[in-house]
1. Tell me, what is the Rg over Rh of the protein assembly as shown, with Rh the Kirkwood radius over Cα pairs?
2. Spelling out what I want: for every residue of the stretch B:261-274, take phi, set θ = phi - 60°, compute 6.51 cos²θ - 1.76 cosθ + 1.60 (Karplus), and round to whole Hz; glycine and proline get x.
3. Which FRET efficiency, nearest 0.05, do residue A:231 and residue A:310 yield, Cβ-Cβ r, R0 25 Å?
4. Normalised by the residues of the stretch B:60-104, what does the relative contact order come to in percent, with Cα pairs under 8 Å and at least six apart?
5. Any idea what log10 I(q)/I(0) is at q = 0.18, 0.21, 0.23, 0.26 Å⁻¹ for the stretch B:151-214, Debye with uniform C-alpha scatterers and no solvent?
6. Can you tell which of B:254, B:333, B:278 lies farthest toward the positive end of the dipole of the stretch B:254-337, using +1 and -1 charges on the Cβ of basic and acidic side chains (Lys, Arg; Asp, Glu)?
7. How high is the relative contact order of the stretch B:97-189, given as a whole-number percent (alpha carbon pairs under 8 Å, six or more residues apart)?
8. Suppose a student asked you for the relative contact order of chain B, using Cα pairs under 8 Å spaced at least 6 residues apart; what percent would you report?
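The numbers here are math on the coordinates, done by the rules we state, and not lab data. Everything quoted here is computed from the prediction, not taken from an experiment. For neighbour counting, all protein chains shown are included, and Cβ atoms are generated from backbone atoms with ideal geometry for every residue, glycine included.
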Amino acid sequence: MKLTFISAMLASLLIWKPTVEKESFEPYTETIPNTKHKFEMVCIPAGKFLMGSPANEANRNEDEGPQKQVELDAFWMAPYELTWDLFLVYQNRELEIDPQKAVDAVSRPTKPYVEMSFGQGKNGGFPVCNVTQYSARSFCKWLYLKTGHFYRLPTEAEWEYAAKAGSKTAWSFGDEAGQLGEYAWFFENSDGAYKKVGQKKPNAWGLYDMYGNVAEWTSDQYTADLFKNLKDGEKFSLKQPKTLYPITIKGGHWDSDPQETRSAARWPSSAKLKQRDPQIPKSDWWLTDAPFVGFRLVRPLHEPSKSEIEAYFAPPPKDK
Amino acid sequence: MKDINRRNFIKNAALATGTSVLATSPFMSSAFYHQSADEIKVALIGCGGRGTGAAFQALSVKENVKLVAMADAFRDRLDSSYENLTKGKAGARVDVPEEHKFVGFDAYKKAMQLADVVILTTPPGFRPIHFEEAVRQNKHIFMEKPVATDAPGIRRVLDAAEVAKKKNLKVVVGLQRHYQTSYLETYKRVIDQGMIGDIVSARCYWNNDGVWVKPRQAGMTEMEYQMRNWYYFVWLCGDHIAEQHIHNIDVVNWFKGGYPTQAIGIGGREVRKGKEYGEIFDHHVVEFEYADGMILNSQCRHQPGTVANVSEHLIGTKGKATEGRIMDLKGNTLWRHRDRDDINPYQQEHNYLFNCIVNDIPVNDAERGAMSTMTSILGRMATYSGKKVTMEEALASDISLAPEAFTWDTLPKSLPDENGFYKIPVPGKFQAV
C-alpha cells in the first residue's frame, strides 16, 4: 500500500525519473499534467507463457501456431482501453487547462471531417476508435513528454500474455464461448456499438475488455508465419514495423463473432481500414473504416534508452 | 480515331435533347461501348484532397477511364493532386500532359473541353457556374455537395439540371449516403416495407470538433486568402450547415420524400471567435417543418469538447430507425445491418455513374442535390436572421453571395475590419432572404 502511494505520489508530482532509477513495481494512477485526467496502470509480472493456440483449439486459424514458449519482462498495462476523453485532450490542445502550457514538441491529429466515433459516443468513458497506429503512437509520445514515462502499445506477445493471464484455454475464463458475454461486448450483446470501458468482468490480472468492445493495436508487424520463425523459449523484444500494413490487431471487438475474440486470434491491419477516407492523400491520423479498433497503453518496467524511445516514436512508413 | 468517334457520340447523344427515342436508340447500347472499347476521358475541376479522392475513385471503376485534364485556381494544389494521383494505384490511368493542366478562375472551361466526364470538386461557391458550363458542354458529371451556397446559385443548378436531363447527361452528386449499403438497406425496410409505420418526427446531427484552418500568409490578396481558407466564408462554403450537415438533412429529405416548407432556428459563434475563423457560425439548431407538419430537428456544431454525434433518426408510428438499425418504440432492436463487406460508398457513386454512362441508364442527382443544399441554406437563413423563413421565399431570394468578378484582385463582398475580424450575422438584425 505504502509503495503504491509513493508511486502514485511520484507520478502525480510529475518528476522526470532518470531511467537508471530503480522503479517500484506497483499499480499506480498517472495524472496527466495540465489536464483533469488520470488513468490507472496495473502490474503484469515478468514470466513465460505459451504463445499461440494449441492445434486442437476450436475455430483456430493457421497463423496462431505452432505454440511457442515466450519469455517476457515485467510491464504495467492499463486495465482499460484508452478512452476518447483522454485522446480528445491530446487532439485538441485548447482542451488542456492552460493551452499555453501545452506540449508543442508533438504533432496532434488533424481535425477529421467525419465524426470518428461513428455515433457510438465519445464522452464519459467510451474507448477511442478509428485511430491509426501512428495516431496511437503519437498519443503515447505526447504522454511521454507530459509525464516523463515511456508509454507505448503492447507488443503482440505482451498483449497475448496479459490477455491469457496464466490461462491455457481459448479465453482466460475457459473454452466455452457461452461465457463470453460475462467478459466481453461482441456481436451478440453489443447492439452494434462499443460500450463504456470496464463494465464486464476483468481477467485474473485485473484487465477489462481484453476481448471485444474495441480491438486493440499492438506494436508489431503482422506476419502469418510468426510462430514458425519463433524460437521456443525466446525472449520477445520490441521491433519496429517496416511497412504501414499489416500490423497485428488483437482481441476482437463489438462486431466480432466469439472465435475472433480468442486470446490467440490475430488480425492483420490493411488499407481497407481506411478505404472510406474520401480525401487523397488519406489521413495519417484517422482510419475511417475501423470504428472498432482502439488501443491500450503499456509501460515497460525497465525503461529503454532515450534513443530507443525516440526510435519508437519515429513516424511510420507512409500510405501508398 | 476512336477518341473522335467517342466525342461525336457524346455530342450526338447530347444534342438529341428531350427525345424519348434517345434512350432506346441502338446507338446508346452497351454493345457500342464494348465493341469499341472506347476510352472515357475525365477532367478534374478542383484538385484539393476531396477532388483528388474523387478522381481516384473515378479512375478505379471497371470501365476504360482516363484522366486527361486537371484544373484548379492554384498551381500548388494541382501539382500535389497530380503527384498523388500518378503515384497511386490509379496512376496508369492518369495521362495529363503539362498543356492539359489549367490554372486560374477560367481553368475549368478548358479542362472540360477535353473530357467526356467532369468531376466538380472546387469549393461549393463555384459549383453553379461549373455545373452550368459542364451541362452547356454536354459533359457527364460527378459533383460534390453542396452544389451552391445561395439561392441564385441553387436556381442556376436547378435550371441546368433540367437541361442536363433533356440532354440525357448523367449526373451524380456526392451525397454518398444514397450509395451506401447500410442506408439503402434501411430505406428498404422503412419505406418499402413500412417497418416503422408513418414517419411522424425526425432529428439529425453533425456535431463534431470542427475542421482545418488555413493561416493568412503575407502577400495574399483578400480573394486568395478567402479561397485558401474557404471553409470559413459563406460565399465559398455555405457555412458548416451546408457544407457538412447537408448529408444528414438530405437523408431525412430522402426518407421523407420531400423538402421542408419552412424553418426557424438558433445559431451563433460561441467558441470559434478568432479572426482566423472568418464569418461562419459554430452552431446551428434548426426546426424544419414539412408540408404535412412533420418537424425535423437538426443540429450542427463545431465545438471541441462537446458531445459528438453525426447521425439521422426517424420516429414512426410503429418504430424508430437510424442508419443500419430499426427499433420498436421502446428501443428494442428489430433489425440491424452488419456492414462487414459493404462497398465503399465513395467508390460506389463512381461505379454507378460510369455504369450509367456506358449502359445509358438515366441518373440525375442534380435536382435532389440542389434541393437538399437549398434546405441547408434555408436553415442557415433561419439561424442567421432569427426569423421564420419559408422555402418559397428562400428559394426566391435574390441575395447573391458571389463576388462581382472572379479575379485575384476582386474584393469579395465580406471583408475584414481594421483588426482582421469579419462581420458576423446578428440574429434579429441580419437580412438573410
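1. Details: Rg = 27.7 Å, Rh = 27.9 Å.
Radius of gyration relative to Kirkwood radius: 0.99.
2. For the stretch B:261-274, the Karplus curve yields 9, 7, 8, 10, x, 10, x, x, 10, 10, 10, 9, 9, x Hz.
3. Values: r = 29 Å, r/R0 = 1.15.
For R0 = 25 Å, the calculated efficiency reads 0.30.
4. Normalised by residue count, the contact order of the stretch B:60-104 is 57 percent.
5. -1.03, -1.02, -1.01, -1.04
6. Selected residue: B:333.
7. So the answer I get is 23 percent.
8. On the way: 927 pairs, mean separation 82.5, N = 433.
It comes to 19 percent, rounded to a whole number.
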